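Below: the structure, in structure tokens.
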Amino acid sequence: QVQLVEAGGGLVQAGGSLRLSCAASRSTFSFTIMGWYRQAPGKQRDLVATLTSGDITNYADSVKGRFTITRDNAKNTVYLQMTSLKPEDTAVYYCNAVSGWHIYWGQGTQVTVSS
């Protein structure tokens, strides 16, 4: 049973930074792709950033240049470094991992950016 546990959310002022972490129950390289998604109230869940097993990254246009996805495989952890945060970044952030036909989700962590 794969587990993804997010941490690092919280309340921050606009312009501030946060780092989210996603601890997986096995090597991050065992997943074809890992990523972060977010869901604001009343909206659909949207892709934020992804990282493939070959270390290729992809970002939503709205976060390019501000967010960075990285991994520390010794800790089985993927991070999302968020800088220059804006009120529109407020959402629940979910970690995601794909392995074959299986898709896994974490429980989510709330990020609130005040203006």
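Residue by residue, here is whether (1) of a type in the set (S, T, N, Q); (2) open to solvent by less than 50 Å² (accessible area, probe 1.4 Å) holds:
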| residue | (1), (2) |
| --- | --- |
| Val5 | no, no |
| Gly16 | no, yes |
| Gly35 | no, yes |
| Arg38 | no, yes |
| Gln44 | yes, no |
| Ala60 | no, yes |
| Thr77 | yes, yes |
| Leu80 | no, yes |
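What do you reckon, is Gln1 open to solvent by 70 Å² or more (accessible area, probe 1.4 Å), over 14 Å from Gln110 (Cα atoms) and either touching a Pro at 6+ places or on another chain (Cβ under 8 Å) or modelled with pLDDT under 95 (or both)? Show your work before the answer.
Numbers: open to solvent by 70 Å² or more (accessible area, probe 1.4 Å): yes; over 14 Å from Gln110 (Cα atoms): yes; either touching a Pro at 6+ places or on another chain (Cβ under 8 Å) or modelled with pLDDT under 95 (or both): yes.
Criteria met by Gln1.
Please give the number of the condition Val63 fails out of (1) part of a loop (DSSP other than H, G, I, E, B); (2) touching a Ser or Thr at 6+ places or on another chain (Cβ under 6 Å).
(2)
State yes or no: is Ala74 in a strand (DSSP E or B), over 22 Å from Gln13 (Cβ atoms) and among the hydrophobic types (A, V, I, L, M, F, W, C)? So that I can check it myself, show each step before the final result.
On the way: in a strand (DSSP E or B): no; over 22 Å from Gln13 (Cβ atoms): yes; among the hydrophobic types (A, V, I, L, M, F, W, C): yes.
Considered against the rule, which asks whether it is in a strand (DSSP E or B), over 22 Å from Gln13 (Cβ atoms) and among the hydrophobic types (A, V, I, L, M, F, W, C), Ala74 comes out as no.
Kindly indicate whether Ser53 is open to solvent by 60 Å² or more (accessible area, probe 1.4 Å) and of a type in the set (Ser, Thr, Tyr).
Against the criterion (open to solvent by 60 Å² or more (accessible area, probe 1.4 Å) and of a type in the set (Ser, Thr, Tyr)), Ser53 does not qualify.
Report yes if some residue within region 6-19 is without any contact (Cβ under 8 Å) to a residue 60 or more places away in the chain, within 17 Å of Gly108 (Cα to Cα) and either outside any loop (DSSP other than H, G, I, E, B) or in contact with a Ser or Thr (Cβ under 9 Å, 6 or more places away or on another chain) (or both); otherwise report no.
The initial filter retains those residues of region 6-19 that are without any contact (Cβ under 8 Å) to a residue 60 or more places away in the chain, namely none.
Within region 6-19, none of the residues are without any contact (Cβ under 8 Å) to a residue 60 or more places away in the chain, within 17 Å of Gly108 (Cα to Cα) and either outside any loop (DSSP other than H, G, I, E, B) or in contact with a Ser or Thr (Cβ under 9 Å, 6 or more places away or on another chain) (or both).
Which of the residues belonging to region 66-81 are within 15 Å of the chain's Cα centre (by Cα) and free of Cβ contacts under 8 Å to residues at least 60 places away in the same chain?
Just the residues of region 66-81 that are within 15 Å of the chain's Cα centre (by Cα), to begin with: 66-72, 76-81.
Residues satisfying the conditions are Arg66, Phe67, Thr68, Ile69, Thr70, Arg71, Asp72, Asn76, Thr77, Val78.
The values are calculated or read from the model by the stated rules, or taken from the named source; none is laboratory data. The shown structure was predicted, so the numbers you read here are calculated from the model rather than taken from an experiment. Positions of Cβ are backbone-derived with ideal geometry, glycine not excepted, and every protein chain shown enters the neighbour counts. Just the protein is used for accessible areas: all its heavy atoms, side chains included, with ligands, DNA and RNA removed. Shrake-Rupley method; radii C 1.70, N 1.55, O 1.52, S 1.80 Å.
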